[in-house]
Amino acid sequence: MEYEWVMGKYEGDKAHYIIGLANDGLGYFIRSIEGAGKGMRAEVAFKRPMDSLRHGALELAPPYAIPKLDELYARRHGSR
């Protein structure tokens, strides 16, 4: 199965939840965090199967970011 890197932007409680998953090492990589509390916004990147539908809130990761994301993923999962 082939995967692609996508980026999503989350706000408020969802941002807190996604940041918690990223901090626990569960597939998400934090690209940026802005604000605090209910006004918090987070941009994260994660791998997903290429053959599944991508909902409107997700964008493909820019080509320049993919090597760094691959390196972070490999380091986190012991592939390097």
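The values are calculated or read from the model by the stated rules, or taken from the named source; none is laboratory data. This structure is a prediction, so every number in the text was calculated from the model and none was measured. When we count neighbours, we look across all protein chains shown, and the Cβ atoms used for this are built from the backbone with ideal geometry, even at glycine.
Below is a table of values for the structure above.
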quantity	calculated
Segment 9-28: number of residues that are in contact (Cβ under 8 Å) with a residue 12 or more places away in the chain, over 19 Å from Leu72 (Cα atoms) and of a type outside the set (Ser, Thr, Tyr)	6
Flag for Val6 being without any contact (Cβ under 8 Å) to a residue 40 or more places away in the chain, crowded, with 16+ Cβ neighbours inside 10 Å and among the hydrophobic types (A, V, I, L, M, F, W, C)	no
Residue within segment 57-64 that is assigned to a loop (DSSP other than H, G, I, E, B), surrounded by fewer than 14 Cβ atoms within 10 Å (Cβ to Cβ), at pLDDT 90 or above and touching a strand residue (DSSP E or B) at 6+ places or on another chain (Cβ under 7 Å) present	no
Single residue of Arg41, Arg31 found to be within 26 Å of Gly78 (Cβ to Cβ) and at pLDDT 85 or above	Arg31
In segment 10-40, the residues that are over 9 Å from the mean Cα position of the chain (by Cα) and either under 20 Å from Leu60 (Cβ atoms) or assigned to a loop (DSSP other than H, G, I, E, B) (or both)	Tyr10, Asp24, Gly25, Leu26, Ser32, Gly35, Ala36, Met40
Single unsatisfied condition, Glu43 versus (1) outside any helix (DSSP H, G or I); (2) under 23 Å from Met1 (Cα atoms)	(2)
